[in-house]
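Only one structure is covered here, and it is reproduced in the block below.
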Amino acid sequence: MNRTFRTAITLFFALTLLSKAVVSAGSSGSVYNVQYSVISNGSEAFIPLLILTYGPYCPPLSGIDCANAATGEVIGGEEHLLYFNGSQLCLLNLTPAFRALYPNYSTLLDRFETLYHCTPLDHSLNGARFINGSWYLDITFRPPMTHVRGVYVFDSENMCIEPVNVSWSKLPRGKISDEINGWRIELQSQSFQKWDYANMSDVWVTMSENALRWSPGPTEVVNSSVFPIYFLLKKEGHVKNITLVYLNLNVTREDFVPPNTSGVAGYWFPDSIKIANVTACEKANVTTSISTAAETSTVPNRTTISSNTMKTPNNTKETKSGICGPGFIVLLAFVGLLPRKTPKRWRSKCPDW
């Protein structure tokens, strides 16, 4: 084990002990902030989903009583990427594609999988555009201690991605629709913010009246411990409710744990959502970095794409990419309140230094 990796492991355990002290410091309930967008081309859509959990800001040795805290801080968060073909909602697992495209990171990912029983690969969808019949995705992958950002063509039939050498800023806006197969999209709580060019929903919710004192957003108090996040499809008086995730509002600072670990799960996905393992397209170039230096507004040619199958586990709560440890929580304590205009820049799942 090299010195850098050994130092990282030591730091993780130190942060884990401190984060446990932070989490057990007291509680005035928790607040969820959920943001999503339905980026549609008229027949299918990508749905980036960001889930942040806030608690009262009362770090150890600060002298701040959690019951009287005046500000909040993030105690957990994840981003997921879903794909909707008009009838089936899929939760995309991009890890197989990343491993195939960037094999130099495989050893590091394997080490973390062995130690923490998870794949420490985070990702962010910065934008999605449908241009000349093809989806182009601007994705940032975040393996431990670094990041890889690139532009990829997505094939929905074969569930694979292919890197392309083009600057995202030079790509045209593409086709964006407020409908899916003639059904009008209605977001749960529309925000003035955008996800790339698409409208975005921004939901703040809690069960605690006390949380209104420190919550950093326009928070609604509800009396149900299970709260759905959804969007609607409407056409000619008919309404379809598409549920993305269920929030567990009983979670407090004392019992908060990330999903996929022991304890109280903060949220879960409906059983109807399938897990789709996204791979690298067969003829995609395997490399260790992505170049986006091509300053051209024309769309590059695609390579041919091979087939792949979609796997459907019985319980999506056990197979989705999840936060794998509490060590990241203490890092967020130093950040304080996150700027809400650029929420997609912050992500954390497994220990991330």
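The values are calculated or read from the model by the stated rules, or taken from the named source; none is laboratory data. A quick note: this is a predicted structure, and the numbers were derived from the prediction, not measured. Please note: Cβ atoms are built from the backbone with ideal geometry, for glycine as well, and neighbour counts cover all protein chains shown. Calculation scope for accessible area: heavy atoms of the full protein, side chains included, ligands and nucleic acids excluded. Shrake-Rupley method; radii C 1.70, N 1.55, O 1.52, S 1.80 Å.
For this structure, a couple of remarks:
- The slack between E236 and N250, meaning 0.36 nm per residue of separation minus the straight C-alpha distance, is 1.3 nm.
- Per-atom-type breakdown for region 27-280 gives carbon and sulfur 46% of the accessible area (1.4 Å probe, protein chains only).
- Estimated distance in nm for a label pair at T71 and R149, the labels positioned 7 Å out from Cα along Cα-to-Cβ: 2.6 nm
- Relative contact order of region 27-280, pairs being alpha-carbon contacts under 8 Å that are 6 or more residues apart, as %: 24 percent
- The heavy atoms of D178 offer some 100 square angstrom of accessible surface to a 1.4 angstrom probe.
- Anisotropy class of region 27-280 from Cα gyration tensor, a/c 1.5 cut: oblate
- ³J(HN,Hα), Karplus 6.51/-1.76/1.60, whole Hz, each residue of region 206-220, x for Gly, Pro: 7, 9, 9, 5, 5, 5, 5, 5, 10, 4, x, x, x, 8, 9
- Region 27-280 - accessible surface per residue (Å², probe 1.4 Å): 37 Å²
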